[in-house]
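Engineer: Sharing a structure here in structure tokens format.
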Amino acid sequence: MRMAIALARKGIGKTSPNPAVGAVIVKNGRIVGRGYHRKAGLAHAEINALREAGIKAKGADIYITLEPCNHFGRTPPCAEAIVRAGIKNIFIGMKDPNPLVAGKGITRLKNAGIKVETGILEQECKYINEAYIKYIITKTPFVTLKLASTLDGKIATASGESKWITGETARRYAHRMRAEADAVMVGIGTVIADDPELTVRLVKGKNPVRIVVDSRLRMPANAKILNQHKGSVIIATIKKKSQESEVRNQEKKIKALNASGADVLLLHSRNGKVDLKALMKELGKREITSLIIEGGGSLAASAIKEGIVDKITIFVAPKFFGKEGLSMIGELGIRRLKDAICLSRLECRKLGDDLLLEGYLKP
């Protein structure tokens, strides 16, 4: 199963909106087939493993990280292929929460006389598909808030200088995160201050969909994100409903942004800002299953307050900027200790000279 999990990891960032799945076929103590899901629309892990095993699959055991499907989607049902191949035993990491599967694949296998065992390294299997699990249940993306700060929690100096707080090892890891995500999101303040590309450059991989939260449509016409056509760009703004002149001005800006290749989403406001929960629903409709929020402090605070953040990743550099530096998270309105935002399942490791902290927001 650990080998199947390692295979599944190869598909992370490439299979969305499908899960990343790995499979290993064993016969007489020897591995005869391996496979993983490479891309949505292509063969699933089980099929690739069965193809490699060929006739050796008959009477063999198969280890798979996720319950096989038993319905026709973009590809035929995998449970039927397993039955036809003559597999004797199947060991499954986790059940599929997708209502189209949800135990039906296991039932089909059992009805065919195949011995089924589930829950093998279940938590590890869930971890590699945490984005898929949330998306399939809620139809909204799994959101990771990514921050890079000094030891005293600053993301920039008083003058706004922030490149680079962390070292190359940490930045390379951050680019790998981008490559594995469907989308990356920043606030318009970050675009104006840093003019980021939000692309994958330090590692090999696809560029994510780039999203800018821009309530007042202040996007500069010469912003790199618009002029370096390296993937889709979505600009989320508030729909004007007041004066006719404001509406016409917004329509003019939207037309110019559309001409540059950006897709403008008009959403309702929440306290004068883009309603982030409504934005998550819109992104879910576009089959965006995983999203990284990269700042700045105002957007980070809004995302936490609106309850859209699932996980926080902080790259911490061994530096201090002092009180005058810009804080990594803006105003949260917390006045009492008991109201503090808390993380669970916190992990820490070293990346070059920097530290990586990862944890999940407690419900």
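Engineer: Check the range 114-126 and report whether any residue there is touching a Pro at 6+ places or on another chain (Cβ under 8 Å) and buried (at least 21 other Cβ atoms within 10 Å of the Cβ).
Structural biologist: Of the residues in the range 114-126, the ones touching a Pro at 6+ places or on another chain (Cβ under 8 Å) are none.
No: zero hits.
Engineer: Further question on the same structure: For TYR135, indicate whether it is open to solvent by 30 Å² or more (accessible area, probe 1.4 Å), in contact (Cβ under 8 Å) with a residue 40 or more places away in the chain and farther than 22 Å from ALA262 by Cα. Write out each step before concluding.
Structural biologist: Values: open to solvent by 30 Å² or more (accessible area, probe 1.4 Å): no; in contact (Cβ under 8 Å) with a residue 40 or more places away in the chain: yes; farther than 22 Å from ALA262 by Cα: yes.
It is false that TYR135 is open to solvent by 30 Å² or more (accessible area, probe 1.4 Å), in contact (Cβ under 8 Å) with a residue 40 or more places away in the chain and farther than 22 Å from ALA262 by Cα.
Engineer: Considering THR150, THR144, THR140, THR166, which residue is over 30 Å from PRO99 (Cα atoms) and touching a helix residue (DSSP H, G or I) at 6+ places or on another chain (Cβ under 9 Å)?
Structural biologist: Working: THR150 fails: touching a helix residue (DSSP H, G or I) at 6+ places or on another chain (Cβ under 9 Å); THR144 fails: over 30 Å from PRO99 (Cα atoms); THR140 fails: over 30 Å from PRO99 (Cα atoms).
The match here is THR166.
Engineer: Which members of the range 150-181 meet the condition of being open to solvent by less than 40 Å² (accessible area, probe 1.4 Å) and charged (D, E, K, R)?
Structural biologist: LYS154, ARG178
Engineer: Could you tell me which residue of the range 310-360 is farthest from ARG171 (Cα to Cα), considering only residues that are in contact with an Asp or Glu (Cβ under 8 Å, 6 or more places away or on another chain), outside any loop (DSSP other than H, G, I, E, B) and among the acidic types (Asp, Glu)?
Structural biologist: By that ranking, first place goes to GLU347.
Engineer: Pairs only if they're at least six apart or on different chains, beta carbon under 8 angstrom, first in the range 75-103 and free of Cβ contacts under 8 Å to residues at least 60 places away in the same chain and within 12 Å of ILE25 (Cβ to Cβ), second part of a strand (DSSP E or B) and among the hydrophobic types (A, V, I, L, M, F, W, C); list them, first residue then second.
Structural biologist: ILE82/ILE62; ILE82/ILE90; ASN89/ILE62; ASN89/VAL116; ILE90/ILE62; ILE90/ILE64; ILE90/VAL116
Engineer: Any idea which of THR169, THR199, THR190 is hydroxyl-bearing (Ser, Thr, Tyr), over 20 Å from ASP263 (Cβ atoms) and not in a strand (DSSP E or B)? Step through it out loud before you land on a result.
Structural biologist: Working: THR199 fails: over 20 Å from ASP263 (Cβ atoms); THR190 fails: over 20 Å from ASP263 (Cβ atoms).
Matching residue, one of THR169, THR199, THR190: THR169.
Engineer: So, one more: Considering the range 203-227 alone, what residues qualify as being in a loop (DSSP other than H, G, I, E, B) and open to solvent by 60 Å² or more (accessible area, probe 1.4 Å)?
Structural biologist: Taking the range 203-227 first, the residues in a loop (DSSP other than H, G, I, E, B) are 203-208, 214-223.
Of everything in the range 203-227, those that are in a loop (DSSP other than H, G, I, E, B) and open to solvent by 60 Å² or more (accessible area, probe 1.4 Å) turn out to be LYS204, LYS206, ARG216, ARG218, ALA221, ASN222.
The values are calculated or read from the model by the stated rules, or taken from the named source; none is laboratory data. All figures in this text were calculated on a predicted structure; none of them were measured in a lab. For neighbour counting, all protein chains shown are included, and Cβ atoms are generated from backbone atoms with ideal geometry for every residue, glycine included. Heads up: the accessible areas ignore ligands, DNA and RNA and are worked out on the full protein's heavy atoms, side chains in. Shrake-Rupley method; radii C 1.70, N 1.55, O 1.52, S 1.80 Å.
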